[in-house]
1. Of the residues LYS18, LYS39, only one is surrounded by 10 or more Cβ atoms within 10 Å (Cβ to Cβ) and not aromatic (Phe, Trp, Tyr); which?
2. Anything in region 17-44 that is more than 17 Å from THR5 (Cα to Cα) and in contact with a helix residue (DSSP H, G or I) (Cβ under 9 Å, 6 or more places away or on another chain)? List them, or say none.
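Taken together, the values in this text are just the output of simple stated rules run on the coordinates, not laboratory data. Note that the structure is a prediction, hence the values are computed from the model and not measured. When we count neighbours, we look across all protein chains shown, and the Cβ atoms used for this are built from the backbone with ideal geometry, even at glycine.
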Amino acid sequence: MAANTQAQALNALVYMYKEVIKRPLSLELKFIQSRRQQKLPTVLTEQ
């Protein structure tokens, strides 16, 4: 899963628990957090 998608889903769960259910999210979520891929710098040469 893309890192942004995973972050959005987690934020939606936190919001739902906080604003709709009115309880803190006390679940211990055990998931592998996605990481954004590092972007390699583009190097321009005279060629």
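1. One residue alone meets the criteria, LYS18.
2. Passing the criteria: ARG23, PRO24, LEU25, SER26, LEU27.
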